[in-house]
Structure formats: structure tokens, C-alpha cells
Amino acid sequence: MNRRHFLAATTAAALAASLRGADPKRPPRILLRSSWQSVNIGDIGHTPGALSLLWKHFPECEITLWPGELGHGSRDLLTKGYPRLKIAEGGLGADGKPNKPDLVKAWGEADLYLSGSGSGFPAANHAVAFQKATGKPVGVFGVSNDPISGIGPTRDAEGGTLNSLRERALKLPPTHLATDLRFIMDRAAFFFCRDTITRDYLKAQGVKSPIVEFGPDAQLGMHLRDEAKGLAYLKTAGLEAGKFLCVIPRLRYTPYYRIKAGTKRVAADDVKDAINERTTKQDHDKLRDLIVRYVRGTGNKVMACAEMTYQVQMAKDELVDPLPADVKKNVVWRDTYWLPDEAASIYAKAQAVVSVECHSPLIALHHGTPTFYVRQPTDTCKGQMYRDIGANDWFFEVDETSGAQLWSRLEAIHRDPAAARAKVKSIMATVEARQKRMVDAVREAVGAGR
């Protein structure tokens, strides 16, 4: 028997066995589809966030991760942080079935396919294939589905404010949702949206899942910290706990063709690059203004760092190099990429984190640190999550704010850090209530799949 026929026979046998019902005495099993890429500590952090939440509220479950990509040290992060975790890698063949024995086994044993956090319901076709092949439940754990931002026939390359995105999304015809998405959303045991714009859009589209609710990004659940690396870096960089600010830059569009091997440049990249060239300076002028005001107003230091690989050099070029000399001497450039556990250790010691990227502020919040998210209009509707969890005072639309306004809010944190930390605690109480609701839905769906 050749390998292709062997895999087909194995797949058929495993899936047939899965339909005969699970042994009620064995632990419940979840197949977590996550780890979409590793050039972004947010995409890395989705997975440990989900694992931490699941094992906190559902400790008896077994979890197998079906990852998209485990580069940049993220595999070691997961295997060391979660020794119980199993990993099954592979893809789908032309028949829509798993193409690797470990993945065949994971499909057969799983009681639930759980899609992890991300933008636009990543790998939705895999959820569809799983549900069609096994008939077992599928659930979704905190995603955004933005029908407006981006480039395409019905999408706007320039994006817009969150208010405008909501208004436009709710006006779309009820047939707007793509066929494959509607298929799986209608059959999902639960569909948690990490922002209420996505939730309201899907409800307006008539999605039939019994649970279509707000459930924040899984990154907010990540408890991992690498204190050895983080504290050693702070010492070397001369950064004192509570007396430095972290600042993270971002282009309006990520140049994936430059940073991911095998990604080809396409026509839409010309549009994206033109938008980046036109807006990068004006966006980061505001952050530099904030840095100047913070350093001169407090005497504290600033760390310019990255959430994505390309932002390492960008932090130097856009945030550090143009600063006046008296300010620059108080600014540290983090000249390497890192993992979210080291970032968490450093963010936890910062006075605040100010980011044009979405996920560093989530890491900071989990570890008790006040944080600003400065949203660009091209960065989808996921930023609505900050309003949804009670962080509206620390949320800014980049085109509608200034360095002076950012400093005004940051100065309040500097004057009364205890009050700011109490606000973080209140925000996280809201988050934790929703997180428990999400895992309760997982537990119920797993029971239905056994």
C-alpha cells in the first residue's frame, strides 16, 4: 500500500471511529487551531493565552494544537510553558482530509474543533472540512470579521474610524457574508467575537450559531513571563521599574512580502506601500511628541521596541533617530525581536505601554500595566475591543489625536499610578468574566461532542 492510500485508509478509519462515540471515562479532548504566524508576538501569544484560559477553567481537558507556524522560538515557548500540550501538524489534502498521521489521529480523537483568536476567522476552510468530515462541534474563540477594512471589491484601502466601520458594516446586505463562512458560522456551537462590531455585523447577517457574543482576544489570558530574560534586559538597559515607558510603532499596512519567506509581492502591495509612505511620518510624529513631553516632564526613560519583526528597525528609524539630543539620551532602542513572555516581563515593570499595534497593550493589561492603544484606520475593527472591555479612556484614533493629548492622559497616569493600576484591575475583571463565559461554552460543546 502506498503512502497516499495508507493515509486515506487511516483517515477513514479514525474518522469512522470518532463517530461511534467517545469513552466517557477518558478526558475531554480539544483540537485547538491557532498559532497563525510567528512574525508577530500577538499571533504567537494567542495560543498560550487560549491554553492558559482553557486549563484554568477546564483543567481536566486534553488539548492538541494544530498550528499554522511555530517559528522564532514559539515552539519552545509552548512546550516548556505547557508540558501537557500535544502538537499535531499538517494540512489538508485534495480530498479535504488531514495529510499527516498525527493530524488524522487528532481529528479522530477530538470532541471539539476550537478556532483560536485572529482576524477574519483564520483557516475557516479547515473548520468547514472538520465539521463535514466528523459531524463534531466547531467553536470560535475571539475573532474579528471586518467587512470594511482592507483592499478588495467591497473593501476600503484607507479604512476608517471604529464608528464609521460599525455604521457601514451594519448597512451591508444580509447576503454579504461569504458562503463558506456562513456555512460554518451557522453550524458553530459558539462564535465569540473579540469586538462588538464583529458581533453586531454577524447578527445583522443572520448567523444562526446559538451563541454569537463578545469574547475578548485570547492574548488577554496569557500568564507566561520570562523573568530571567526580561529582568536581565532591564538591568543591562538601565531601565528602572515604574520609571520607563514602552512605545511600539506600526506601518498602516504590514509588508508581508518583505518579512515572510515565500510571500510574493502582489498588485495590492503597491497601494499599501503608497499609503505607508504617505502616513508613516505623520503617525509617528505624534508618538515622538509624546516621548519628548514624557522625558522632559518626568526625567524617566523610554524603550522603543517592536511587536512585529519589521518594527525592530522601524522603532529606531521612526521613534529614536529623529529625537532631540536631550531626549534621545533617555531612550533605549530594543534592537532585537522577542517572544511574548519576555515582552510580558518587561511590560509588567513599565509605567505604561503606548502602542500603535493591538496586542502589546493586551499583554500589558494582563500583567497589570496601564496602556494606550493608538489605532490606525487601516487596522480593522478589532480595536473596538478596547472600548468593549472598559479601556475607552486609553484608546485613541491616530488621525483624531495629537502628542499633546496623549501626554495629557499619560501625565495623569504618572501623577497617580495607583489609580491607573486600579483601573487596569477593573478592566481585567470585565475581561475575566467574559473569559470564563467563553470556556463554559467550550465545556458545554465538548460534552455535546462526546
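What the table below lists for this structure:
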read-out	value
Antiparallel content of DSSP bridges confined to region 27-99, in %, to 5	10
Cross-link table 100/382; 272/382; 86/132, entries beyond 30 Å C-alpha to C-alpha	100/382
3J(HN,Hα) from dihedral phi, region 418-435, Karplus parametrisation 6.51/-1.76/1.60, rounded to Hz, x for glycine, proline	5, 5, 5, 5, 5, 5, 4, 4, 5, 4, 5, 5, 5, 4, 5, 5, 5, 4
Separation in nanometres of the label points that stand 7 Å from Cα toward Cβ, at residue 154 and residue 274	2.5
For region 268-280, 3J(HN,Hα) per residue [Karplus equation, 6.51 cos²θ - 1.76 cosθ + 1.60, θ = phi - 60°, Hz, x = Gly/Pro]	4, 5, 5, 5, 4, 4, 5, 5, 4, 5, 6, 10, 4
Check: region 227-430 dipole with +1 on Lys, Arg Cβ and -1 on Asp, Glu Cβ, in debye	340
Helix 124-134 vs. the chain, principal-axis angle (Cα, 0 to 90°, nearest 10)	20
Average Cα contact separation per residue, the chain, under 8 Å, 6 or more apart, as relative contact order %	18
Nonlocal amide H pairs with residue 62, under 5 Å, H built at 1.01 Å	29, 30
Structure-based [θ]222 nm, the chain - -39500 (n - 2.57) summed over DSSP H runs of at least 4, per residue, nearest 500	-14500 deg cm²/dmol
Cα-centred dipole magnitude for the chain, charges only on beta-carbon of K, R (+1) and D, E (-1), debye, nearest 20	940
Separation of alpha-carbon centers, region 93-166 and region 372-437, rounded to whole Å	28
Net charge dipole size for region 28-177 [Lys, Arg +1 and Asp, Glu -1 on Cβ; Debye, nearest 20]	240
Rel. contact order, % - alpha carbon contacts under 8 angstrom, at least six apart, region 161-267	20
Backbone N within region 233-255 under 13 Å of label point (7 Å from residue 336 Cα along the Cβ vector)	233-234, 236-237
Of 354, 429, 305, farthest towards positive along the dipole that unit charges on Lys, Arg, Asp, Glu beta carbons give region 294-450	429
Relative contact order (%) - region 271-370, alpha-carbon pairs under 8 angstrom, separation at least six	22
Backbone N within region 385-402 under 18 Å of label point (7 Å from residue 433 Cα along the Cβ vector)	385-393
Residues with amide H under 5 Å from that of residue 372, placed H, sequence gap 5 or more	353, 354, 355
Among beta bridges that DSSP assigns inside the chain, antiparallel share in %, nearest 5	5
Alpha-carbon centroid distance for the pair region 302-320 / region 268-296, whole angstrom	12
Dimensions in Å of the chain - Rg and Dmax from alpha carbons	22.2, 74
Spin-label model distance (nm) - residue 176 vs residue 263, 7 Å beyond Cα toward Cβ	2.6
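Just so you know, all these numbers are worked out from the coordinates, no wet-lab data involved. Please read all numbers here as calculations on a predicted model, not as lab measurements. Cβ sites come from the backbone with ideal geometry, for glycine too, and all protein chains shown count toward neighbours.
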